[in-house]
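Written out below as C-alpha cells is the structure these notes cover.
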Amino acid sequence: MNRFLKSSGFKLFVIILSALIAGSVISVVSKSGSSPLNKAVSVVFGPASRLAGSLSSGFRNMPVSFRSSTYYKKQAEELKKEVDSLREQLVDYEDIVHQNEFYKEFLDLKEEHSDYKFTKAAIVGRDAADRFSSFTLSKGSSSGIAVNNPVIYGKYVVGTVSSVTPTRCVVKTLLNPGINVSAYEIRTGEVSYVTTTAEYSKQNLCVMPGLSPSTAVTAGGLVCTAGISGIYPADLIIGSVDDIVDATADISASAIIKPGVDFSQLTDVFIITGFDGQAK
Amino acid sequence: MMAKRILQNKTFIRRLCLAAAVLLFSILQNTPGLFPEIAGIRAMPLIPLVTAAAMYERDIAGMLYGLFAGALWDVFASGNSFNAIYFLIIGYVCGILINTVMRSNFATHLLLTAGAALIYNTGYWLWHYVFTGCDMKFYSLMRYYIPGTVYTLILSPLVFFLVMTLERKLRD
C-alpha cells in the first residue's frame with residue numbers, strides 16, 4: 001500500500017485530480033460555467049466538432065438515391081442521375097427557403113428592437129447523457145457570448161447559455177427543468193413563470209404554474225416573456241397554451257405550454273448578447 | 001532524421017492512433033445524427049474505449065486517455081469538469097486493476113465497461129435528477145440510463161477488438 005501511494009502514477013493522478021477540482025472551483029467563481037481545461041480543449045478541438053456538425057447536417061440533407069447496379073440499363077442510369085440532380089437542386093432550394101425564413105423572422109425582430117445585439121451560431125453538438133435537449137453552439141465568449149444570454153429562433157425563445165468557452169457555449173433549452181422564465185399570457189395579461197418537469201419535458205411541453213383558480217387563460221393563448229428577471233427581454237414568444245390543468249398541491253391552476261419551436265429540428269439559432277434592461 | 005525516428009516508433013504511432021480514436025469517438029457520440037439512437041437511447045462508446053485503452057496501456061497512459069476523453073466530452077456538456085474527473089478516475093482505476101488483480105481479456109473488459117457505464121449513468125442520474133429534485137426520477141433511470149448502459153455494453157466487443165487489433169499490430 002505504501003509503495004502504491006508513493007508510486008509516480010498515483011502522485012500524477014492526485015496532481016491532475018487536484019488541478020481539475022481547482023479548475024472547477026475557478027469556473028464557479030468566475031461564473032463562466034467552464035473550467036480552464038474545458039476552455040483550452042474547446043479552442044484546440046473546436047474545428048473538429050464544427051466539421052462533424054457540418055457533416056451531420058450534410059447527411060441529414062442528403063437525398064435518398066438508389067445508384068445503378070449491373071442490371072440497370074443505361075437509360076435508367078441517366079434518368080436516375082437526372083432525378084438525383086433535381087433532388088439536389090430541391091434540397092438546395094429548401095435550404096435557401098429555410099434560410100430566408102430564418103433571416104426574415106430575425107429581421108422583423110431586429111427592426112422592432114434596435115437595442116438587441118445578436119450573434120448567429122450553428123448547433124454543433126449535444127451531450128450524449130443529457131435528456132433535456134441541451135446543445136452546443138459554434139460560438140463562445142470571443143463572440144461576446146456570456147452565461148445567461150438568451151437564445152432565440154426568430155421571435156421564439158429557445159433557452160439560455162449555461163456555460164461558455166472562448167469558441168463554444170452550451171445552451172439549456174426551455175425543456176430543461178432547471179430553466180425558469182418570467183412570462184405573461186398576452187390576452188389576459190396574467191403573469192407567472194414558465195418552467196417544465198421531466199414528465200412534461202418528455203412530451204416536449206412546458207408548464208406555467210401559479211395561475212389563479214378562476215384564470216381566464218384558455219387553450220390557444222400566446223405566452224410571452226415578461227422580462228422581469230433581466231435575463232430575457234420582454235415580449236419574446238415562448239409558445240402557446242395547450243391546456244389548463246389544476247395544480248396537485250394547491251388550488252392554483254397551471255397552463256401547459258407548447259413551445260413555439262421544435263428544438264430537435266433546430267440547426268441555427270441567434271444569441272442575444274445585449275439589450276436594454278439586461279441584468280449585469 | 002528525428003521525425004523519421006519518431007514515425008518508426010510503434011509505441012508513438014499506437015498511442016497517437018488511440019488518441020485519434022478518442023477524438024473520433026467523442027465526435028461520433030456527441031454530434032447529433034452521427035451515431036444511431038435506439039428509441040431515444042444513446043450509446044456512450046467513449047466509455048469502452050477508455051477502459052480498453054487503460055487495459056492495454058495501463059494506469060498512467062490510461063488516466064491520460066481518460067482525461068483527454070473526459071475533457072472532450074466536457075466541451076459538449078454543461079457541468080464544469082465532471083466528465084474529465086470521471087474518466088481520469090476510470091482510466092486510472094482500470095489500469096491499476098489490470099496491473100494488480102485482473103487479466104487483460106475480453107471478459108474483464110466487459111466487466112470493467114459494465115461497471116464504468118453503470119457508475120457514469122447512475123452518477124449522472126443522481127446529480128441531474130435526484131439531487132435537483134426532478135420528477136420522474138425512476139422512470140428516467142429505467143427508460144434512458146439503464147438501457148444506455150446496456151447499449152454501451154453491446155458496443156463494447158467492437159471497441160475492444162478495435163483496440164486489441166491496434167495494440168497487436170503496433171506493439172514493439
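The values are calculated or read from the model by the stated rules, or taken from the named source; none is laboratory data. Model, not experiment: these values are computed from the prediction. Heads up, the Cβs are rebuilt from the backbone with ideal geometry, glycines too, and the neighbour counts pull from every protein chain shown.
Brief remarks follow.
- Residue ID - farthest from A:Lys11 (Cα to Cα), chosen from residues in region B:88-107 that are among the β-branched types (Val, Ile, Thr) and in contact with a Ser or Thr (Cβ under 9 Å, 6 or more places away or on another chain): B:Ile98
- You will find that of B:Gly70, B:Gly91, B:Gly66, B:Gly79, the residue that is under 29 Å from B:Thr132 (Cβ atoms) and modelled with pLDDT under 90 is B:Gly79 and no other.
- Single match in A:Gly210, A:Gly178, A:Gly189, A:Gly125 (criterion: under 17 Å from the mean Cα position of the chain (by Cα) and surrounded by fewer than 17 Cβ atoms within 10 Å (Cβ to Cβ)): A:Gly178
Here's the yes/no breakdown for (1) within 14 Å of chain B (Cβ to nearest Cβ); (2) of a type in the set (Gly, Ala, Ser); (3) free of Cβ contacts under 8 Å to residues at least 24 places away in the same chain:
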site	(1), (2), (3)
A:Lys117	no, no, no
A:Ala121	no, yes, no
A:Lys172	yes, no, no
A:Ile179	yes, no, yes
A:Ser182	no, yes, no
A:Leu205	yes, no, no
A:Leu211	no, no, no
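- On the stretch given as region B:124-140, residues that are assigned to a helix (DSSP H, G or I) and more than 11 Å from every other protein chain (Cβ to nearest Cβ) total 2.
- Qualifying position, being more than 30 Å from A:Ala40 (Cα to Cα), within 14 Å of chain B (Cβ to nearest Cβ), outside any loop (DSSP other than H, G, I, E, B) and of a type in the set (Gly, Ala, Ser), among A:Ser192, A:Ser201, A:Ser162: A:Ser201
- Hits in region A:134-158 - residues which are farther than 24 Å from A:Phe45 by Cβ and modelled with pLDDT of 90 or more: A:Asn148, A:Pro150, A:Ile152, A:Tyr153, A:Tyr156, A:Val157, A:Val158
- Scanning region A:1-32 for residues that are within 30 Å of the chain's Cα centre (by Cα) and of a type in the set (Val, Ile, Thr), we see that the one that is farthest from the other protein chains (Cβ to nearest Cβ) is A:Val29.
- Candidates A:Arg67, A:Arg87, filtered to the one that is farther than 16 Å from A:Thr136 by Cβ and modelled with pLDDT under 75: A:Arg67
- Residue within region B:100-123 that is of a type outside the set (S, T, N, Q), crowded, with 21+ Cβ neighbours inside 10 Å and either free of Cβ contacts under 8 Å to residues at least 60 places away in the same chain or within 7 Å of chain A (Cβ to nearest Cβ) (or both) present: no
- Filtered residues of region B:13-44 (kept if assigned to a loop (DSSP other than H, G, I, E, B), facing another protein chain (nearest Cβ under 9 Å) and not charged (D, E, K, R)): B:Thr31, B:Pro32, B:Gly33, B:Leu34, B:Phe35, B:Gly40, B:Ala43, B:Met44
- Test result for A:Glu78, outside the structural domain of A:Ile145 (by TED's automatic domain parsing) and at pLDDT below 80: no
- When residues of region B:47-78 are limited to those that are at the interface with chain A (Cβ under 8 Å from one of its Cβ atoms) and either surrounded by fewer than 21 Cβ atoms within 10 Å (Cβ to Cβ) or not aliphatic (A, V, I, L, M) (or both), the one farthest from B:Leu18 (Cα to Cα): B:Ser78
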